[in-house]
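A.B. asks: Sharing a structure, written as structure tokens. Questions coming.
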Amino acid sequence: MNQFPIVINAVQFVNAFSQTPAFVQIGFFFLVWGLAWLPIAIPIAFWVKWKPFNPLELQQKLPLVASLYAIAPFILWGVARLKSLPFSTFGIHLNSNLFASAGIGLGIGVVGILILFGIQTAFGWIHWRSENWRKWLAASLPTLLLGIWIGLTEELVFRGFFFGQFEADFWTSAIVSSVIFAVLHLIWEGKEKIPQLPGLTLMGVVLCLAFVQDRNNIGLAWGLHAGWVWMIASLDAAEILQYEETAPEWGTGIDRQPLAGLLGLLFLLGTGLGIEAILG
């Protein structure tokens, strides 16, 4: 008999949660995600000898990010159950179309990055260190797998869930969710990422556009995201690009970060226009 009030309260909570504003639901997601991650993150932080509020080295950041991203799908599955929705609501349909779209997006992302660096090469701002091609080949597979994983997780969370929570017009939903996407990158990189905030926001908007044009499927956005991460990470790991000292930061990006420069922003804008022209 005493169980009935508990069941009734649970039903009332589910109904109330489903009707709360998008920011409340997103905040709840972050709260649960963070609380679930803490028991995993604390021992990892001790293991990698990271002290809170200190900048993260790459070897410290990777296990922390990996553990955080590993549990994200489970938290989203819980949200889906709480709202009595199928998991496919978040844009992931396990069929051939998902992987076909992801493959197309991956190709577009790779070609786009090569065009971006090709233009900078034509301007004489960078040159390619051909002696490091073997290092690039060695770095290609692990960075490809990293890009696929990061792309899948972030698209599932930010486009599949966040973007879908805002029941407004496309541009309002895309801009708000993309600002959240951009600002959250500061958690790992700190103030070093601040110059990239406009670029990260535009990147998020382009990925929202890819999500919508792919019929609310994350496939195309996932592929694009993975392709960008793969190429930039592999080229950085191989140290295959060498910037000329005279290369202007407005063109190549502040601290040589592509998303913090004019060409990087134009590259994203061109990608978005291309997706709209071909699929719109």
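The values are calculated or read from the model by the stated rules, or taken from the named source; none is laboratory data. No experiment lies behind these values; they were computed from the predicted model shown. Reconstructed Cβ throughout: ideal geometry from the backbone, glycine too, with neighbour counts over all protein chains shown.
A.B. asks: Could you tell me whether the stretch 115-123 includes any residue that is of a type in the set (F, W, Y), on the phi < 0 side of the Ramachandran plot and not in a helix (DSSP H, G or I)?
C.D. replies: Yes, the stretch 115-123 contains a residue that is of a type in the set (F, W, Y), on the phi < 0 side of the Ramachandran plot and not in a helix (DSSP H, G or I).
A.B. asks: Looking at the stretch 231-255, I want the residues that are closer than 19 Å to L265 by Cα and have a partner that is aliphatic (A, V, I, L, M) and outside any helix (DSSP H, G or I) with Cβ atoms under 8 Å, at least 6 apart or on another chain. Which pairs are those?
C.D. replies: Final answer for the pair search is Y243/I126; A247/I126; T252/I126.
A.B. asks: Okay, next question. Pick from A238, A277, A233, A221: which is among the hydrophobic types (A, V, I, L, M, F, W, C) and surrounded by 21 or more Cβ atoms within 10 Å (Cβ to Cβ)?
C.D. replies: A221
A.B. asks: Please tell me if S88 is under 19 Å from V212 (Cβ atoms), over 17 Å from the mean Cα position of the chain (by Cα) and surrounded by 14 or more Cβ atoms within 10 Å (Cβ to Cβ). Even if it seems obvious, please write down each step before you answer.
C.D. replies: On the way: under 19 Å from V212 (Cβ atoms): yes; over 17 Å from the mean Cα position of the chain (by Cα): yes; surrounded by 14 or more Cβ atoms within 10 Å (Cβ to Cβ): yes.
Criteria met by S88.
One line per residue, one yes/no per condition, for (1) among the hydroxyl-bearing types (S, T, Y); (2) under 22 Å from L259 (Cβ atoms):
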{"position": "P63", "(1), (2)": "no, no"}
{"position": "A72", "(1), (2)": "no, no"}
{"position": "V79", "(1), (2)": "no, no"}
{"position": "L82", "(1), (2)": "no, no"}
{"position": "S88", "(1), (2)": "yes, no"}
{"position": "N95", "(1), (2)": "no, no"}
{"position": "G109", "(1), (2)": "no, yes"}
{"position": "I115", "(1), (2)": "no, yes"}
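A.B. asks: While we're looking at this one, here's another question. Looking at L265, is it touching a residue at least 40 places away in the same chain (Cβ under 8 Å) and surrounded by 17 or more Cβ atoms within 10 Å (Cβ to Cβ)?
C.D. replies: For L265, the condition - touching a residue at least 40 places away in the same chain (Cβ under 8 Å) and surrounded by 17 or more Cβ atoms within 10 Å (Cβ to Cβ) - is met.
A.B. asks: Conditions first: (1) touching a residue at least 60 places away in the same chain (Cβ under 8 Å); (2) part of a loop (DSSP other than H, G, I, E, B). L106 passes all but one, so which condition is the exception?
C.D. replies: (2)
A.B. asks: Hey, another quick one. For the stretch 129-151, does any single residue satisfy the condition of being assigned by TED's automatic domain parsing to the domain that holds I104, basic (K, R) and within 25 Å of G251 (Cβ to Cβ)?
C.D. replies: Yes: the stretch 129-151 contains one or more residues that are assigned by TED's automatic domain parsing to the domain that holds I104, basic (K, R) and within 25 Å of G251 (Cβ to Cβ).
Let's see how each residue does on (1) of a type in the set (K, R); (2) surrounded by fewer than 20 Cβ atoms within 10 Å (Cβ to Cβ):
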residue: V157; (1), (2): no, no
residue: D169; (1), (2): no, yes
residue: K191; (1), (2): yes, yes
residue: M203; (1), (2): no, no
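A.B. asks: Further, regarding this structure: How do the pairs read when you match residues in the stretch 133-160 that are within 11 Å of A237 (Cβ to Cβ) with residues anywhere that are loosely packed, with under 15 Cβ neighbours inside 10 Å, using Cβ under 8 Å and keeping only pairs 6 or more apart or on different chains?
C.D. replies: Qualifying pairs under 8 Å: K135/E239.
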